[in-house]
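None of the figures in this text is laboratory data; all of them are computed from the coordinates on show. The structure presented is a predicted model; accordingly, all values stated were derived computationally and were not measured. We place every Cβ from the backbone using ideal geometry, glycine too, and count neighbours over all the protein chains shown.
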Amino acid sequence: MNLGPAPTELTNYCDGMEVVQPSSDCQTACDMGQRQNDLSDPPDEKSQAAAAEPTVRQPCEKPGVLVVDDEHMVRIMVQLGLERNGFEVWLARSGREAIDLYRRHAEEIAVVLLDVQMPGLDGLKTLEVLHELNPEVRACFMSGDTVACKPEELLERGAAYVIAKPFHLHDLANILRLMAHRASADLFRSSSVCKE
């Protein structure tokens, strides 16, 4: 009995984020993350994961994104989604690690994606240090708690964009691509993704 073509995508919800994967992946993103939870981030700074076809076409050069979040699962899911959309990704689990990576790879990193609340240096303090290193640094905050720190305050303190969790990875990729190509802030702030 022919049931027609196999589905081409599988949608999973993990930690408040929707992840779309090709159906050839036998495991869900949640299963994958649970097995990797006990593992540390890969030793090399740039990831080698995510060889699947991107969902959005992009120019030849791969924009670099530094992802800073203290939650391992969030880092991995964002990493996979961005790499599938043609980005080069560096991962940092803390503000201090992000500053160190940025110092070494500032020429390659077009955008910094920061969690607002992290132990030690939080997202705002990390952004302050990054601005000291490079006043032109482009930063996007992701936050699940917009009560503790209002999006308006984050924008006033130097963020180019604020995206609220949960978010769709393809929306995040599109916003970061616009930021990497220095699109007008009005263009991506007017997007329906911005939850200001």
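Observations on the model:
- Local electrostatic count at Gly158 - Lys and Arg +1, Asp and Glu -1, tallied over other residues with Cβ under 12 Å: -2
- Proximity of backbone amide H atoms, modeled 1.01 Å from N, is registered between Met142 and Leu114, Asp115, Val116, Ile163 at under 5 Å, excluding neighbours fewer than 5 places apart on the same chain.
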